[in-house]
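Scroll down for the structure; my scribbles are underneath it.
The values are calculated or read from the model by the stated rules, or taken from the named source; none is laboratory data. Since we're looking at a predicted model, the values are computed, not measured. The protein model used for the area step is the full one, side chains on, heavy atoms only, and it has no ligands, DNA or RNA in it. Shrake-Rupley method; radii C 1.70, N 1.55, O 1.52, S 1.80 Å.
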Amino acid sequence: ADVRSRGRRALLVGGTMMYYRALIEGLSDMPASDPVIRAEIQAEASQVGWPEMHRELSAVDPDMANNLHPNHSQRISRALEVFRQTGTPMSQWQRAYTQEARKAVCLALAPDDRSTLHARIETRFDRMLEAGFVEEVKALFDRGDLHTDLPAIRAVGYRQIWSHLSGKFSLEEARARGIVATRQLAKRQITWLRSWSGLHWIDSEAKSSQEQVKNHLRNYLEAPLS
């Protein structure tokens with residue numbers, strides 16, 4: 001709002017697509033979290049596993065379940081929680097939201113060649129390890145008040161190194177699992193992006209990629225403010 005009040009346009013850059021979409025389209029007015037229901041869902045999941053909870057979600061909210069990986073515990077839990085609270089599927093709550101979207105030009109930069117993406121993910125993970133990632137996670141592990149049910153500890157990379165520190169597998173195995181998990185996350189993100197209406201997809205490896213970005217931004221910047 002401050003940027004627009006000065007007659008300028010905001011550029012938002014980053015990879016947290018859900019937050020970006022929330023800024024552009026807003027968020028539906030769903031009920032607040034219920035800690036009792038959430039605890040019940042967590043207890044059930046600890047007994048039967050998240051893939052089984054995902055199957056339960058498929059029965060009551062197939063649209064939402066189809067967009068979630070069977071092990072995406074945090075979002076499966078939230079979707080089941082909303083349904084148990086209200087009797088209305090979370091996907092229906094989202095569709096009922098009708099706020100007019102803010103005008104924006106949306107660009108996605110990613111390599112079309114999947115092998116290029118995989119190589120970058122592996123390089124990135126190794127650089128994290130070289131920069132002290134194990135030591136960072138160990139500092140959290142040694143605190144004693146954190147555990148694997150927390151969303152932050154379940155995050156890709158942290159979860160695998162945490163398991164190594166717990167003695168479940170070697171650092172080499174943790175590295176391999178972390179790279180695979182990151183690839184799976186990237187695949188889900190790309191699938192999500194592919195369904196984004198009006199998104200301009202640009203191959204980051206193309207020689208013309210920078211010029212394509214400039215052209216899209218130029219057209220946006222030259223359009224009248226509204």
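Here the sum of -39500 (n - 2.57) over DSSP H runs of 4 or more residues, divided by the residues of the chain, equals -18500 deg cm²/dmol at 222 nm, to the nearest 500. To put it simply, the accessible area of the chain at a 1.4 Å probe is 51 percent carbon and sulfur.
The candidate values were [x] 190; [y] 172; [z] 121; the one computed from these coordinates for volume of the Cα convex hull per residue in Å³ carries the label [y]. For the chain, the relative contact order is 20 percent, taking Cα pairs closer than 8 Å that sit 6 or more residues apart in sequence and dividing their mean separation by the residue count. Based on Cα contacts under 8 Å between residues 6+ apart, the range 1-86 shows a relative contact order of 28 percent.
Normalise the Debye intensity by I(0) for the range 186-226, one equal point scatterer per Cα, no solvent, then take log10 at q = 0.22, 0.30, 0.35 Å⁻¹ and round to two decimals. The calculated log intensity ratios at q = 0.22, 0.30, 0.35 Å⁻¹ are -0.85, -0.99, -1.06. Taken per residue, the accessible surface of the range 86-191 reaches 63 Å², heavy atoms only and a 1.4 Å probe. For K138, the lysines whose Cα falls under 24 Å of its own Cα, not counting residues fewer than eight places away in the same chain, are K168. Taking the centroid of alpha carbons for each part, the range 149-226 and the range 75-141 are 8 Å apart. If the segment from E52 to K103 were pulled out straight at 0.36 nm per residue, it would be longer than the present Cα-Cα gap by 14.4 nm.
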